[in-house]
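One structure is given here, and the rest of the page talks about it.
Please treat every number below as a calculation from the coordinates, not as lab data. Please read all numbers here as calculations on a predicted model, not as lab measurements. When we count neighbours, we look across all protein chains shown, and the Cβ atoms used for this are built from the backbone with ideal geometry, even at glycine.
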Amino acid sequence: MAGRNKPKADGSSWPLEERPGYLIRRLHQIHVALFQEKCAAYEITPLQYSLLTALAKRGTADQTALAHDIALDRTTTTGALKRLQARGLIDRSVGPHDRRSRTCRLTRSGLALLRKIERPARAAHLATVADLTKADQRRFIAMMQAIVAAQGQKLDATRSPD
C-alpha cells in the first residue's frame, strides 16, 4: 500500500473522498443544509447567524471588526449586514471617526431573534457531528480549532490590510 495516496502529476491517483479540501467543502454543505432545515422558520443564513452572534458578543462594532470576527471579507460582510439591517435586526450608523465606516449594533428584534434561534442553531451544529462519538466530537472540534488557529495565523501574516 506504500504510495497509495501519492498523486500523479495530474492528481488522478488521490481519490476525491480522501482529499481534505473536498471533505471540508462537503461537510460545510451538509452543515448548511442541516442549519437551513432546523432554522428555516427564522429565514436566516449561517453567515447572518454568525454576524448576529459576533455582534451580540461585542455590543457594538464596525463592519471591519465583524468581518475579522467571522473570517470573511468586508464586501460579503457588508452585504449580509445590509440584509440584517433591512429586516430590522441591526442598526448601522456612520462611524464617529470615519464617515466611510459603519458602526453596528443589535436591535431588540435582533437580540430576540438570536435568543429564539439559539436552540435550533445549536441542534444543527450538533447534528453535523452527531455520527461521531462524544469523545470523537471533542477531538474533531479540537483538531479543526488547531488547523484554523495555525493556518489562520499564516494567512493573517501574509494578507495585506484592506
Which far-off residues, 5 or more places away or on another chain, put their amide H under 5 Å from the one on D62, with H placed in the peptide plane? C104
What is the dipole size for region 17-77, taken about its Cα centre, with +1 at each Lys and Arg Cβ and -1 at each Asp and Glu Cβ, in debye to the nearest 20? 80 debye
How much length, in nm to one decimal, is gained on full extension between R100 and A33, taken as 0.36 nm per residue of separation minus their Cα-Cα distance? 20.6 nm
Within region 114-130, find all residues whose amide N lies under 13 Å from a label point positioned 7 Å from the Cα of M144 along Cα-to-beta-carbon. 122-130
Using 1/(1 + (r/R0)^6) with R0 = 30 angstrom and r between the beta carbons of S13 and L132, what's the FRET efficiency to the nearest 0.05? 0.60
Take every Cα pair under 8 Å in region 40-132 that's 6+ residues apart, average their separations, divide by the length, and report that relative contact order as a whole percent. 29 percent
What ranking of K57, K82 emerges when the number of other C-beta atoms within 10 Å of each C-beta is taken as an exposure proxy, fewest first? K57, K82
In nm, the gap between the two label points placed 7 Å beyond Cα toward Cβ at A56 and R115 is 1.0 nm
Compute the acute angle (0 to 90°) between the alpha-carbon long axis of helix 20-39 and the principal axis of greatest extent of the alpha-carbon atoms of the chain; round to the nearest 10°. 40 degrees
So for the chain, if I pair up every lysine 8 or more residues apart or on another chain, how many of those pairs have alpha-carbons under 29 Å apart? 12
I need the shape label for region 40-162. Rule: rounded when a/c is under 1.5, else prolate if a/b > b/c, else oblate, with a, b, c from the alpha carbon gyration tensor. oblate
Two-site FRET efficiency, A86 against A123, from Cβ-Cβ distance with R₀ of 30 Å, rounded to 0.05: 0.65
Given the DSSP H assignment, sum -39500 (n - 2.57) over each helix run of at least 4 residues in the chain and divide by its residue total; what's the result at 222 nm in deg cm²/dmol, nearest 500? -20500 deg cm²/dmol
